[in-house]
Amino acid sequence: MISDFDYKGYKLGVIYGIDGDYQSIIADKILFDKKLDYEVVAFLNVYGTVSFRSKNDIDVSDIAKKLGMIVGYSGGGHKHASGCRICDRDEMKKKMMEIFEHSMNKIKIL
């Protein structure tokens with residue numbers, strides 16, 4: 001599933017949980033599918049990182065550097081393939097457990 005976002009007039013697709021080994025292949029399929037029309041694809045994962053892929057004139061290394069600096073980690077890479085850390089793994093696990101517990105409490109089945 002791809003979540004759509006508008007980033008400075010560009011169409012950005014965000015995907016969660018795709019293993020790093022497949023991101024380039026999937027990004028190529030998505031970025032060059034004329035029906036989808038994405039300029040940037042971001043892959044979020046459980047390790048607290050985000051990987052960006054882009055096409056045309058969009059420099060995602062600049063996005064990764066700035067995002068990494070804002071959240072206190074490093075970021076960067078190539079013009080069309082870059083990434084950064086947005087939180088550490090323990091923080092990500094904690095957030096996921098909080099969301100799960102909150103959701104379980106809302107359904108009130110157990």
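Listed values, structure above:
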read-out: Residue within segment 97-109 that is of a type in the set (S, T, N, Q) and in a helix (DSSP H, G or I) present; value: yes
read-out: Selection within segment 9-44 - open to solvent by 80 Å² or more (accessible area, probe 1.4 Å) and part of a helix (DSSP H, G or I); value: ASP21, TYR22, ILE25, ASP28, LYS29
read-out: In segment 45-64, the residues that are open to solvent by less than 10 Å² (accessible area, probe 1.4 Å) and within 24 Å of LYS95 (Cβ to Cβ); value: GLY48, VAL50, ALA64
read-out: Pairs with Cβ under 8 Å, 6+ apart, first in segment 33-56 and over 11 Å from GLY20 (Cα atoms), second surrounded by 23 or more Cβ atoms within 10 Å (Cβ to Cβ) and among the acidic types (Asp, Glu); value: none
read-out: Those residues of segment 45-84 which are assigned to a loop (DSSP other than H, G, I, E, B) and acidic (Asp, Glu), in sequence order; value: ASP57, ASP59
read-out: Meets criteria (hydroxyl-bearing (Ser, Thr, Tyr), out of contact with any Cys (no Cβ under 9 Å at 6 or more places or on another chain) and over 26 Å from ASP37 (Cβ atoms)) for SER103; value: yes
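The values are calculated or read from the model by the stated rules, or taken from the named source; none is laboratory data. Everything quoted here is computed from the prediction, not taken from an experiment. In this analysis, Cβ positions are derived from the backbone assuming ideal geometry, glycine residues included, and neighbour counts consider all displayed protein chains. SASA here: full protein model, heavy atoms, side chains in, ligands and nucleic acids out. Shrake-Rupley method; radii C 1.70, N 1.55, O 1.52, S 1.80 Å.
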